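K.L.:
One structure is given below, represented as structure tokens, and several questions about it will come after.
What follows is calculated from the coordinates using simple rules that are stated; it is not laboratory data. The structure presented is a predicted model; accordingly, all values stated were derived computationally and were not measured. For neighbour counting, all protein chains shown are included, and Cβ atoms are generated from backbone atoms with ideal geometry for every residue, glycine included.
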Amino acid sequence: MLDEIYIEKNYSNKGLDTKLIKNVILNNDIIYLWVYKENGKAISLYKKLGFNTIEETETRLFIAKNIYQKREERKNKPEKVVDTNKTNIN
């Protein structure tokens with residue numbers, strides 16, 4: 001179980017967050033999380049990756065993604081690879 005994920009500002013907008021969430025999707029059948037409404041970039045990423053809003057509070061959204069395709073089929077599906085070697089994260 002993963003409880004929290006934070007990407008520090010100096011590492012954001014480098015594709016690391018997308019790669020991380022895609023890896024979580026690849027290895028889990030059901031994913032759900034809370035995200036603060038003020039975190040527009042994260043909400044946009046989750047929606048782009050197929051998450052749907054399940055519940056809403058004054059400050060947060062509860063979003064989820066159900067994966068019906070078998071995990072092995074997802075692993076064998078060709079996917080665009082992000083070259084993280086072009087990004088200097090040191």
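K.L.:
For K19, K9, what's the fewest-to-most ordering of other Cβ within 10 Å of each Cβ?
P.N.:
Numbers: K19 13, K9 7.
Ordered by Cβ neighbours within 10 Å, fewest first: K9, K19.
K.L.:
Also, I was wondering about something else. Mind sorting I7, I21, I30 by how few other Cβ atoms lie within 10 Å of their own Cβ, fewest first?
P.N.:
Sorted ascending by nearby Cβ count, the order is I30, I7, I21.
K.L.:
Still on this model: With labels modelled as points extended 7 Å from the Cα through the Cβ direction, what inter-label distance (nm, one decimal) is found for Y6 paired with F62?
P.N.:
2.4
K.L.:
Using only the Cα atoms, work out Rg/Rh for the stretch 1-66, with Rh taken as the Kirkwood radius, to two decimals.
P.N.:
Here the Rg-to-Rh quotient is 0.93.
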